[in-house]
């Protein structure tokens, strides 16, 4: 049996958890798992206990607590800024498994119980640049649609997106009010018979411009996750070239990988 001075038991309301200083598992990792479970059980709303509060509660040193919090930051569960109380990342994350299916932002939000909406910034026809024409397999200068929007989940800004589509595929699309109809993919399928079944995507971090930060209600110091991609029909026709800039505190992506036999 563990010595009382060596074992700190905490009643979380569901099960008893403890940090054992004699365990081969480092204390900071034990604490990380305890805090992770508490976050998943929604024991915290937005604000998170300070290092000092956690150190006192679990009878651990502040450097140990700090290590545990850094692990939670790495897993995307909290946001920690110098001189401020850590913030629990909301459950509105987009967690997508790209080995399973291609679904739209609107579908993803509805599956998670949130209401999707959009604010259109630009919606117009423009000539295709050489770079965009190459991606859409059309001629340079051909008319394309530019649709730029801020996307929301339950009224909270989530990402900033730009879509480029050949105008010839959906010539009367300007009749659609995308402030009221958030799902571009559903319109492409129901109105034009363009069923998008596959996308090729790449991801990279970036820092927002002042305008992008304002639109997404973040600071210019918070990184974005840029998703760039092309969506295709079953016949391999490229329909949409897109750039999506996700708030770094809202985006988590899950990918399954398998070993080939």
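The values are calculated or read from the model by the stated rules, or taken from the named source; none is laboratory data. Everything numeric in this text was worked out from a predicted model, so none of it was measured. Every residue, glycine among them, receives a Cβ derived from its backbone with ideal geometry; neighbour counts consider all protein chains shown.
General remarks:
So that you can scan it fast, the table gives a plain yes or no per residue for (1) part of a helix (DSSP H, G or I); (2) surrounded by fewer than 17 Cβ atoms within 10 Å (Cβ to Cβ); (3) in the same structural domain as residue 164 (by TED's automatic domain parsing); (4) modelled with pLDDT of 80 or more:
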position	(1), (2), (3), (4)
39	yes, no, no, yes
64	yes, no, no, yes
102	no, yes, yes, no
114	no, no, yes, no
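- Subset of region 135-154 (residues that are surrounded by fewer than 18 Cβ atoms within 10 Å (Cβ to Cβ), modelled with pLDDT under 95 and either out of contact with any strand residue (DSSP E or B) (no Cβ under 7 Å at 6 or more places or on another chain) or closer than 17 Å to residue 224 by Cβ (or both)): 154
- Verdict on residue 159 being out of contact with any helix residue (DSSP H, G or I) (no Cβ under 6 Å at 6 or more places or on another chain), part of a strand (DSSP E or B) and under 20 Å from residue 116 (Cα atoms): yes
- Qualifying residue in region 166-173 (condition: modelled with pLDDT under 90 and over 15 Å from the mean Cα position of the chain (by Cα)): no
- Residue that is modelled with the lowest pLDDT, among those in region 227-261 that are under 29 Å from residue 215 (Cβ atoms) and outside any strand (DSSP E or B): 255
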